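The values are calculated or read from the model by the stated rules, or taken from the named source; none is laboratory data. As the structure is a computational prediction, the values presented were derived from the model and not from experiment. With ideal geometry, Cβ positions are generated from the backbone for all residues, glycine too; neighbour counts draw on all protein chains shown.
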Amino acid sequence: MGFEKFGRKSFTGMTKTAKFVDLLQEGKVEGTVCKQCGAKYFPPRADCAACLSKEMDWFEVPKKGKVETFTTAYYAPFGFEKDCPYTMGVVDFGDGTKLFARIAAKPEEVQVGMDVTVRTITYEDGQVSFEMAKA
C-alpha cells in the first residue's frame, strides 16, 4: 500500500514511509525513531535529519497530550473545502514528541493547555488519517 489512502487528498502515491498508512488502518499512530541517535520524527521520516542515518524504526505516539497552540481554518485548500471551519494545533506529549493535527472539537471549545488524545479516523471515502480529540 502506498500513501494514496492518507488524508483527504493525497498527492503522493509512493514513499519510503508507506507503512504509516498501514499502521493507521490498524488503529495505530506511529512515528519513526533513529536507531543511531534516537531522534524521533512525526510525521515519520525515512532518514534521520540529525545524523543522516537510514536506520529507522517505528514508535507509537503517546496517547495523551496538551494543546500547545492552535488555529482555526475558515478557508481550506483543495480537498478540504467541505470541512471548514476546522481547528488544527500543535500537541505536546511531554516526552519531546510534538504533533501537528486537526482537533475534533468546535473552534470555541479549543484552548491552550487542553488535554487531548490521538486517534485514527477513516473518512467516508475510505481515506485514513489521525486527529486529536478532547480527553
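Quick look at the values:
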quantity	calculated
Any hit, the stretch 91-113, residues being surrounded by 12 or more Cβ atoms within 10 Å (Cβ to Cβ), of a type outside the set (S, T, N, Q) and at positive phi	no
Which numbered condition T15 fails, given (1) over 20 Å from E131 (Cβ atoms); (2) modelled with pLDDT of 95 or more; (3) among the β-branched types (V, I, T)	(2)
Strands (runs of 3 or more DSSP E) within the stretch 34-135 that include 3 or more residues β-branched (V, I, T) and more than 17 Å from L23 (Cβ to Cβ)	64-73, 86-92
Residue within the stretch 47-66 that is in contact with a strand residue (DSSP E or B) (Cβ under 7 Å, 6 or more places away or on another chain), small (G, A, S) and either within 28 Å of M114 (Cβ to Cβ) or surrounded by 15 or more Cβ atoms within 10 Å (Cβ to Cβ) (or both) present	yes
Test: D125 is among the acidic types (D, E) and under 18 Å from the mean Cα position of the chain (by Cα)	no
Candidate set from the stretch 19-35 (those that are surrounded by 14 or more Cβ atoms within 10 Å (Cβ to Cβ) and either touching a Ser or Thr at 6+ places or on another chain (Cβ under 6 Å) or of a type in the set (A, V, I, L, M, F, W, C) (or both)); member that is farthest from R119 (Cα to Cα)	C34
Pair list, Cβ under 7 Å, 6 or more apart: the stretch 102-122 residue touching a residue at least 12 places away in the same chain (Cβ under 8 Å) and closer than 12 Å to G89 by Cα, other residue polar (S, T, N, Q) and loosely packed, with under 12 Cβ neighbours inside 10 Å	V112/T69
Number of positions in the stretch 87-109 that are in contact with a Ser or Thr (Cβ under 7 Å, 6 or more places away or on another chain) and hydroxyl-bearing (S, T, Y)	1
Subset of the stretch 81-101 [farther than 24 Å from G31 by Cα and in contact (Cβ under 8 Å) with a residue 40 or more places away in the chain]	D83
